[in-house]
Amino acid sequence: MWAPPFRTALVPSERACRGRGRRHKPLLDVGRQLALQARRRLPGRDLVLVGDGGFSALLFLDAMRRGGITPITRLRLDAALYEPAPPRPPGTIGRPRTKGARLPTLAARLVAKDTRWRKVVVPGWYGAGECTIEIATDTAVWRHGGLPVVPIRWVLLRDPEARFPPQALLCTDPTREPAQIVG
């Protein structure tokens, strides 16, 4: 796996843009533009965009998914996740459903006794060599009123030795292996 530097972009603050009399372009807009440019320059390649929690916004994730880019970002432990919408019976009138039943939050899954944890050894964990962590994973749809519905695979991480607090990751490719997402 390799990660060549494609392009960098300066994203000045809103205050700096106002001081120069220029229009402010938010980080997610710049990130979307750079990622889609990379997609155009590398057709047919598997592009994975790894970002922090600032990139876990539904409009951004949906744009990446539709553009053929797989983003992996952090996910809030209190995010509202849902089952996929049930199949629509023929002849049904009205708008189709976009989500199914609400799923427990990841914070609730973290303390639930029935959560199935699996040990995974991650090589090169933040430059400190191998690290053994426990993960739980599943698929869901992430949705918020008026925004696109994004199917995701979430991965919940915890350290059995309590060296770091629990965290969650999301990937817009529900078929991707959890070990790949964590790696």
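Summary table below
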| item | result |
| --- | --- |
| Extreme residue, nearest to D46 (Cα to Cα), among residues of segment 1-33 that are of a type in the set (V, I, T) and at pLDDT 80 or above | V30 |
| Condition check for V150: crowded, with 16+ Cβ neighbours inside 10 Å, closer than 24 Å to A35 by Cβ and of a type outside the set (K, R) | yes |
| Cβ pairs under 8 Å, 6+ apart, first in segment 87-103 and touching a residue at least 40 places away in the same chain (Cβ under 8 Å) and of a type in the set (V, I, T), second open to solvent by less than 60 Å² (accessible area, probe 1.4 Å) and part of a loop (DSSP other than H, G, I, E, B) | T98/A85; T98/R143; T98/V149 |
| Residue identified as open to solvent by less than 70 Å² (accessible area, probe 1.4 Å) and over 24 Å from P174 (Cβ atoms) among G129, G145 | G129 |
| Unique match (being assigned to a loop (DSSP other than H, G, I, E, B), farther than 19 Å from P174 by Cβ and open to solvent by 50 Å² or more (accessible area, probe 1.4 Å)) among P84, P90, P104 | P90 |
| Output for segment 57-82, where each listed residue is basic (K, R) and in contact (Cβ under 8 Å) with a residue 12 or more places away in the chain | R65, R74, R76 |
| Where P148 falls short, out of the listed (1) over 21 Å from G53 (Cβ atoms); (2) in contact (Cβ under 8 Å) with a residue 40 or more places away in the chain; (3) not polar (S, T, N, Q) | (1) |
| Residues (open to solvent by less than 40 Å² (accessible area, probe 1.4 Å) and under 14 Å from the mean Cα position of the chain (by Cα)) located in segment 132-142 | A140, V141, W142 |
| Output for segment 111-147, where each listed residue is part of a loop (DSSP other than H, G, I, E, B) and modelled with pLDDT of 90 or more | A112, K113, D114, T115, R116, W117 |
| Count of segment 26-79 residues which are in a loop (DSSP other than H, G, I, E, B) and open to solvent by less than 90 Å² (accessible area, probe 1.4 Å) | 11 |
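The values are calculated or read from the model by the stated rules, or taken from the named source; none is laboratory data. None of the values given here were measured: they were computed from a predicted structure. Cβ: placed from backbone, ideal geometry, glycine included. Neighbour counts: every protein chain shown. These area figures cover heavy atoms from the full protein model, side chains too; ligands, DNA and RNA do not enter into them. Shrake-Rupley method; radii C 1.70, N 1.55, O 1.52, S 1.80 Å.
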